[in-house]
Amino acid sequence: MAWTRTILYSALSSYLWHPANADYVWPNEEIDDLEAILYEQQSIFGAPGSDLASFVSGCSGFGEGTRGGGRNFGAEWLRTAYHDMATADVNAGTGGVDASIMFETDRPENPGKGFSETFGIFSGAYTTRTSMADLLAAAAVISVGTCSNGKVIIPFKAGRVDAAGPGPSGVPQPQEDLASHTASFARQGFDVSEMIALVACGHSIGGVHGVDFPEIVPNPPQHRH
């Protein structure tokens, strides 16, 4: 499905990332490290070719835990960022990208190895100057930009603070009905058109996988070696 630039741009930039409200001053030692990782493609593991963009080059880099299973790093990163913010409540002013997903991977709404793979990669860039919340937002920027061939660029600002514990549950699940999904996305701040764009276009990068949702997508036969 083609990317819907207007809807995705407004939805992602307005609701997912909650950029810090401050004038930018350069140089700024608090965010220079993060900008070097995101814009200068600085290595995060001290070796050539370990910049973040190299993981999703061509939108086809596969995660080690799911190699050959149809999931790639771009899909994992985008899914991790969305699941992290999906319990936001715009009316209450709570939630958003805060890295609380690190404490929530044991919930039925957050199945799969993609979260731990994402944390493992970004642990190389995690410092006192680069919060995991900012890194998850950067992950979404990189994955969407790469997998849309540069057609969708999400604005980015640093300054997110990591959560100290889990947030509320409530990530939409594929087996839920339309009314439940509509209500959940409304709580997050999305209308129906934005919900459709996010679900359809987001899943043009990844999808529902049998290893995580065997009741929806059959798993292929396992071969013994």
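The values are calculated or read from the model by the stated rules, or taken from the named source; none is laboratory data. This structure is a prediction, so every number in the text was calculated from the model and none was measured. Note that each Cβ is placed from the backbone with ideal geometry, even for glycine, and that neighbours are counted across all protein chains shown.
A few notes on this one:
- Cβ separations smaller than 7 Å between residues 6+ apart or across chains give the following pairs from segment 136-160 residues that are under 16 Å from CYS201 (Cβ atoms) to residues that are outside any loop (DSSP other than H, G, I, E, B) and polar (S, T, N, Q): ILE154/SER13.
- Residue in segment 112-130 that is β-branched (Val, Ile, Thr) and within 17 Å of TYR39 (Cα to Cα) present: yes
- Residue that is modelled with the lowest pLDDT [pool: residues in segment 117-137 that are assigned to a loop (DSSP other than H, G, I, E, B) and either in contact with a Cys (Cβ under 6 Å, 6 or more places away or on another chain) or surrounded by fewer than 18 Cβ atoms within 10 Å (Cβ to Cβ) (or both)]: GLY124
- Residue within segment 107-116 that is out of contact with any helix residue (DSSP H, G or I) (no Cβ under 8 Å at 6 or more places or on another chain), modelled with pLDDT of 90 or more and basic (Lys, Arg) present: yes
- Considered as a group, the residues in segment 72-109 that are among the charged types (D, E, K, R) and under 10 Å from the mean Cα position of the chain (by Cα) include one that is surrounded by the most Cβ atoms within 10 Å (Cβ to Cβ), and that residue is ASP84.
- Any hit, segment 156-166, residues being in contact with a Lys or Arg (Cβ under 6 Å, 6 or more places away or on another chain) and among the hydrophobic types (A, V, I, L, M, F, W, C): no
- Restricting SER169, SER148 to those that are polar (S, T, N, Q) and surrounded by 15 or more Cβ atoms within 10 Å (Cβ to Cβ) reduces the list to SER148.
- One residue from ALA200, ALA164, ALA140, ALA183 being at pLDDT 85 or above and over 15 Å from ALA99 (Cβ atoms): ALA183
- Residue in segment 68-85 that is within 24 Å of VAL199 (Cβ to Cβ), assigned to a strand (DSSP E or B), modelled with pLDDT under 90 and aromatic (Phe, Trp, Tyr) present: no
- For segment 103-125, the condition of being of a type in the set (Ser, Thr, Tyr) and more than 22 Å from ILE205 (Cα to Cα) holds for at least one residue.
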